[in-house]
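Let me begin by presenting the structure, written as structure tokens, before commenting on it.
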Amino acid sequence: MASLRDIKTQIHSVKSTQQITSAMQMVSTVKLQRAQKKIEHFIPYQQKITELLIRFLSSEESNPSVYEEKREVKKVAIVAFSSNMSLCGGFNANVSKKLIKTTQEYEHLGKENILIYAVGKKIAQTVKKLGLAPEEVLNEIANNPNYDEVVVLADKLMNRFRAGEFDEVILIYHHFKTKGSQILLQKTLLPISFDSLIVENQNEQIDYIVEPDKATILKELIPKVIRLELYSALLESHTSEHAARSIAMQAATDNADDILDDLSLLYNKSRQQSITNELLDIIGATFK
């Protein structure tokens, strides 16, 4: 049986760890609330812009955009979203597994034709373990989502897709549903497809008065929808990270409570045993 001193040391160590996990849980909860507010304000705007484009496309005949062009996939770009920090449960591990699985699906193209944009340090580490060099590592926006920086990335992807430097752009990220539920998604960003959405909105056709002209409107609107889609993935990943960390730290704090209960019980038993042994020694010495 461990000595009383050893047990007291363990109790002190667990309490110190619990204070850290409790503090991290509170910080993550505050950051989660801020991130949720961002999503709540952003999603209606994104949906309205997308709805406007869908209705506009369904109301008039239009030539397919260059961003809708489907080609034989000879080169693929993957944008994977993770965090810069660990201690968030299986958040990063799930993204890494999905990325590994996706790269295996495209391994017939050759490693040189799989371009990975790593958002977050953790996924960048996974990319290097796969023997691939990240096309770009974006750590800052993983901590602080910034629309202007996302626009720069989205424009790079669109320009390279338009130039034929790759034929498909895939997003891997967590969709934030609730604090306790984050769903890992793999979504095609480019080529963008509106076909299914147009069918759903065919009964909502509206006659638009277009100024300056339809081509100019589409030229501005479609890239904006793509930028918003990429920014939405970043926001959802960022929010999911804090939700996962909050839950993980809450679980760690609760586990620390259980360990402390067990150690306290063990300490009391050991102390009682020590007192009993001392009494027996005293009684035994009295009768000698």
May I ask you to list pairs of residues, at least six apart or on different chains, whose Cβ atoms are under 6 Å apart, with the first in region 73-87 being in contact (Cβ under 8 Å) with a residue 24 or more places away in the chain and the second being buried (at least 16 other Cβ atoms within 10 Å of the Cβ) and hydroxyl-bearing (Ser, Thr, Tyr)? Val76/Tyr106; Val79/Tyr117; Phe81/Tyr173; Phe81/Ser237
Filter region 170-185 down to the residues that are more than 18 Å from Ser83 (Cβ to Cβ) and at pLDDT 95 or above and list them by number. Ile170
Just the residues that are hydroxyl-bearing (Ser, Thr, Tyr) and over 19 Å from Ser86 (Cα atoms), please, taken from region 215-260. Thr216, Tyr231, Ser232
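This table checks each residue for (1) part of a helix (DSSP H, G or I); (2) of a type outside the set (Phe, Trp, Tyr); (3) at pLDDT below 90; (4) exposed (fewer than 13 other Cβ atoms within 10 Å of the Cβ).
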{"position": "Ser16", "(1), (2), (3), (4)": "yes, yes, no, yes"}
{"position": "Ile20", "(1), (2), (3), (4)": "yes, yes, no, no"}
{"position": "Thr29", "(1), (2), (3), (4)": "yes, yes, no, no"}
{"position": "Ala35", "(1), (2), (3), (4)": "yes, yes, no, no"}
{"position": "Ile43", "(1), (2), (3), (4)": "yes, yes, yes, no"}
{"position": "Gln47", "(1), (2), (3), (4)": "yes, yes, yes, yes"}
{"position": "Ile54", "(1), (2), (3), (4)": "yes, yes, yes, no"}
{"position": "Glu61", "(1), (2), (3), (4)": "no, yes, yes, yes"}
So is Leu230 among the aliphatic types (A, V, I, L, M) and either within 30 Å of Leu138 (Cβ to Cβ) or modelled with pLDDT under 80 (or both) or not? yes
Take Val150 and decide whether it is closer than 23 Å to Phe91 by Cβ, surrounded by 13 or more Cβ atoms within 10 Å (Cβ to Cβ) and free of Cβ contacts under 8 Å to residues at least 40 places away in the same chain. no
List the residue pairs whose Cβ atoms are under 7 Å apart, where the first residue sits in region 167-178 and is of a type in the set (Ser, Thr, Tyr), the second is in a strand (DSSP E or B) and surrounded by fewer than 19 Cβ atoms within 10 Å (Cβ to Cβ), and the two are 6 or more positions apart or on different chains. Tyr173/Leu185
Selection within region 167-184 - buried (at least 23 other Cβ atoms within 10 Å of the Cβ) and either touching a His at 6+ places or on another chain (Cβ under 6 Å) or outside any strand (DSSP E or B) (or both): Gln182
Would a scan of region 94-111 turn up a residue that is over 20 Å from Arg245 (Cα atoms), aromatic (Phe, Trp, Tyr) and either modelled with pLDDT under 95 or touching a helix residue (DSSP H, G or I) at 6+ places or on another chain (Cβ under 6 Å) (or both)? yes
Return the pairs, sorted by first residue and then second, in which the second residue is aromatic (Phe, Trp, Tyr), the first residue lies in region 117-139 and is surrounded by 17 or more Cβ atoms within 10 Å (Cβ to Cβ), the beta carbons are less than 8 Å apart, and the residues are 6+ apart or on different chains. Val119/Phe81; Gly120/Phe81; Ile123/Phe81; Pro134/Tyr117; Glu135/Tyr117; Leu138/Tyr117
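The values are calculated or read from the model by the stated rules, or taken from the named source; none is laboratory data. Fair warning: this is a prediction, and the values are worked out from it, not measured in the lab. Here Cβ is always computed from backbone atoms with ideal geometry, including for glycine, and neighbour counts include all displayed protein chains.
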